[in-house]
Amino acid sequence: MQARAVHVAVVAALMLAACGADDRAEVATTAATVATVDETASAGTAAEPVAAGAPFPVDQVASSPRRVIHSGIDAWRSGIVANDLPEPLIDFTELRSGGPPPDGIPPVDEPLFLEPSAVDFLADNEPVLALEIDGDSRAYPVQILTWHEIVNDTVGGVPVSVTYCPLCNSALAYDRRITVDDTDEILDFGTSGLLYNSSLVMYDRQTETLWSHFTGQAVIGELTGTQLTDFPLSTVAWGTWREAHPDGLVLSRQTGFDRSYGSNPYPGYDDVDGVPFLFEGAVDGRYTALTRIVGIDRDGAAVGIPLIELQEQKVISGTVGRTDIVAWWTAGTSSALDDRNIADGYDVGATGVFLSEAEGSPLTFAPSGDHHFVDDRTGSTWNVLGQAVEGPLAGVRLEPVAHVDTFWFAWSTFQPDTEIVTGDAT
């Protein structure tokens with residue numbers, strides 16, 4: 001019990017450190033700080049000429065105006081929900097303050113980007129979050145997301161929030177467009193300072209409704225019950241992403257905040273026998289709380305693949321709901337939650353999950369060395385991002401399946417009926 005208390009106290013202190021000591025006033029809390037552009041403008045291009053190698057903005061879809069009437073944040077603080085608000089989906093007692101105030105861990109609201117050739121602050125093995133929408137490929141370094149947790153961006157013309165919760169080791173990307181009472185709105189998200197099952201709780205600036213980062217669902221406030229649409233997001237090594245997307249864009253360190261980018265404020269948290277911060281639920285006894293899991297939720301079904309199994313086999317096929325999928329693992333990506341220096345974290349590798357077919361035909365895959373895969377039908381070689389890089393199918397891409405690399409305590413809590421996949425059968 002004493003060890004648990006010490007561990008929790010250390011993580012709490014580190015979370016406060018993640019806020020920064022002097023710049024909380026810098027946090028942007030309204031969409032007015034985001035450049036207003038025509039929603040039909042193409043994303044991925046510089047707004048104006050900049051010096052070679054300098055960070056540059058991309059066109060952003062403007063968020064809807066703020067219209068806070070009954071704040072979900074205030075409801076949690078007071079313990080009272082206004083009569084004209086929907087019934088909360090969770091009990092107030094299930095939320096815990098993680099230490100920082102709202103936006104004390106400041107999201108990146110005005111992201112600036114670099115071309116891959118201009119990036120000099122990432123080691124090849126460092127993790128980046130890979131997102132691609134309509135041919136627009138972005139890499140969001142985890143060394144930056146660790147300190148900000150949310151990036152409000154526009155990718156492929158779609159307003160998105162790229163989110164990362166270090167305490168659950170979970171990364172998810174959400175479409176910021178919603179429809180309420182036949183009215184379309186574009187939200188932007190901040191960090192509420194609250195945790196739900198040790199997971200990041202977001203809030204939208206338009207209504208101050210509270211949202212679960214892990215599920216993408218509004219849980220307290222005006223928009224309660226609204227579900228965000230997610231996009232497939234993978235955590236891969238910087239070197240892998242750079243090779244696959246030489247013309248993509250990379251989030252720069254020029255965020256408007258002074259942080260120790262490249263360092264891990266939660267050293268030692270990635271311990272299979274460790275204790276999650278501010279998690280008071282019962283851990284499903286099939287695995288330890290901080291066992292790594294590849295979680296897939298599709299067609300109303302949820303499965304979890306223990307990372308240790310995927311590391312050993314490198315390829316695991318199965319069915320989730322009505323969908324045949326294949327999961328891959330490659331070596332060469334450092335853990336962001338192990339060493340104080342992210343680049344020195346142990347090799348946790350990278351995963352990819354895809355539909356197991358290409359051009360309308362089913363495929364079966366086998367590992368090919370440490371970093372590639374080969375299909376049985378054509379003998380083409382594929383990378384962990386689902387791209388065929390050699391062979392008859394070179395240039396073809398598998399359809400990615402949304403998945404989350406996370407800890408067992410989080411996956412099993414949010415998906416209590418999850419099945420476990422350890423081989424070729426589900």
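The values are calculated or read from the model by the stated rules, or taken from the named source; none is laboratory data. Keep in mind it's a predicted model, so treat the numbers as computed, not measured. Counting neighbours? That spans all protein chains shown, and the Cβs are built from the backbone with ideal geometry, glycine included. Just the protein is used for accessible areas: all its heavy atoms, side chains included, with ligands, DNA and RNA removed. Shrake-Rupley method; radii C 1.70, N 1.55, O 1.52, S 1.80 Å.
Pick from G379, G395: which is more than 18 Å from the chain's Cα centre (by Cα), modelled with pLDDT of 95 or more, closer than 24 Å to D134 by Cβ and small (G, A, S)?
The unique qualifying residue is G395.
Residue-wise test of (1) in a helix (DSSP H, G or I); (2) of a type in the set (A, V, I, L, M); (3) in contact (Cβ under 8 Å) with a residue 60 or more places away in the chain; (4) open to solvent by less than 30 Å² (accessible area, probe 1.4 Å).
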site: T378; (1), (2), (3), (4): no, no, no, no
site: A388; (1), (2), (3), (4): no, yes, no, yes
site: T413; (1), (2), (3), (4): yes, no, yes, no
site: P416; (1), (2), (3), (4): no, no, yes, no
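Quick one: in segment 350-362, which of the residues that are in contact (Cβ under 8 Å) with a residue 12 or more places away in the chain and open to solvent by 10 Å² or more (accessible area, probe 1.4 Å) is nearest to P392 (Cα to Cα)?
This residue is E359.
Kindly establish whether D324 is in a loop (DSSP other than H, G, I, E, B) and either touching a His at 6+ places or on another chain (Cβ under 6 Å) or not small (G, A, S) (or both).
no
For E399, work out the one condition from (1) of a type in the set (D, E); (2) more than 21 Å from W241 (Cβ to Cβ); (3) open to solvent by 40 Å² or more (accessible area, probe 1.4 Å); (4) touching a Leu at 6+ places or on another chain (Cβ under 9 Å) it doesn't fulfil.
(2)
Does D109 count as under 28 Å from N169 (Cα atoms), of a type outside the set (S, T, Y) and over 20 Å from the mean Cα position of the chain (by Cα)?
Here the answer is no, as D109 does not meet what is asked.
Consider Y174 carefully, then state whether it is within 17 Å of the chain's Cα centre (by Cα), closer than 22 Å to R253 by Cβ and of a type in the set (S, T, Y).
So Y174 does not fit the description; no.
What residue, of V128, V160, V151, is in a strand (DSSP E or B), closer than 27 Å to F92 by Cα and not hydroxyl-bearing (S, T, Y)?
Checking each option against the conditions leaves just V151.
Test of understanding: among S335, S260, which residue is more than 28 Å from P159 (Cβ to Cβ) and open to solvent by 40 Å² or more (accessible area, probe 1.4 Å)?
S260
Take the conditions under 19 Å from the mean Cα position of the chain (by Cα) and on the phi < 0 side of the Ramachandran plot and apply them to W329. Does it pass?
yes
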